[in-house]
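Report on one structure; see the data block that follows.
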Amino acid sequence: MNPAVPSPAALPTTDPDGAARQVPQWVITTTAGKQITGYLPPWATEDPSEQDVASQELAARLADVCHYREFPGQVLRAYSPGNPSDAPEELEVMSSSITCTPYAPAPELALPVVTVRVAGEYWMTDLDPTGVADLVAGLRAVADRLDGVVIPQLNTVRAEWTAHHSAGARP
């Protein structure tokens, strides 16, 4: 980037009517008066701004800055051997979030990423756009297999079962 050209994040944005508006910022101010600011994305659910932070705590506060937005998963009924009623229970699968930790220890970790909670305590973390696209392709492949292979075979097997199974043959 040319140092004479300001970063796009430092430029005011414009509304459709052409009026300039400031890019939203968060601010952490120390007890010594030092201010650290950063971009506050519109999708972030919390503002990490804070005042009167002890100077020796500034690094820890910056390390804790994390912008995020959560997205719900799909609630399905599923069996769990841990359920004492032996009945299926509701289970949220594939909930996700976008997170960004601007003061991550490595620059590549400071970019926004996606985390997917598959179910229970199973997570897929730090997915970049390609990682999310690969996950989507894998899920589509599973859905296509269920739709195009499993359902037709289940229908065939059930018809065959119904035609040949004798319900009265139980011991």
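Descriptive notes on the structure:
- Chain lengthening between residue 153 and residue 63 when straightened (0.36 nm per residue, less Cα-Cα): 27.1 nm
- Positive contributions from Lys and Arg (+1) and negative ones from Asp and Glu (-1), summed over other residues with Cβ under 12 Å from the Cβ of residue 114, come out at -2.
- Sum of -39500 (n - 2.57) over DSSP H runs of 4+, divided by residues of the chain (222 nm, nearest 500): -7000 deg cm²/dmol
- Spin-label model, residue 43/residue 146: points 7 Å from Cα along the beta carbon direction are separated by 2.5 nm.
- Acute angle (nearest 10 degrees) that the helix 129-145 long axis makes with the longest principal axis of the chain, alpha-carbon atoms: 10
- Gained length - residue 35 relative to residue 115, 0.36 nm times residue gap less alpha-carbon distance: 25.7 nm
- Extension gain (nm, one decimal) between residue 85 and residue 106, 0.36 nm per residue minus Cα-Cα: 2.8 nm
- Sites matching GluC sites (Glu not before Pro) across segment 18-75 that sit in DSSP coil, with at most 16 neighbouring C-beta atoms within 10 Å: 46
- Accessible heavy-atom area order of 26, 123, highest first, probe of 1.4 Å: 123, 26
- Approximate shape of the chain as ellipsoid semi-axes (Cα gyration tensor, √5λ), whole Å, largest first: 52, 21, 14
- Rounded if a/c under 1.5, otherwise prolate or oblate - segment 110-171, Cα gyration tensor axes: oblate
- Of all accessible heavy-atom area on segment 57-171, the percent that carbon and sulfur account for (1.4 Å): 59
- Cβ-placed point charges (K, R +1; D, E -1), dipole of segment 34-106 about Cα centre in debye, nearest 20: 280
- For residue 117, the accessible area of its heavy atoms, probed at 1.4 Å with every protein chain present, is near 80 square angstrom.
- Net charge dipole size for segment 66-168 [Lys, Arg +1 and Asp, Glu -1 on Cβ; Debye, nearest 20]: 200
- For the chain: accessible area per residue (Å², 1.4 Å): 74
The values are calculated or read from the model by the stated rules, or taken from the named source; none is laboratory data. Treat the numbers as computed from the prediction; the structure is a model and nothing was measured. Note that each Cβ is placed from the backbone with ideal geometry, even for glycine, and that neighbours are counted across all protein chains shown. Calculation scope for accessible area: heavy atoms of the full protein, side chains included, ligands and nucleic acids excluded. Shrake-Rupley method; radii C 1.70, N 1.55, O 1.52, S 1.80 Å.
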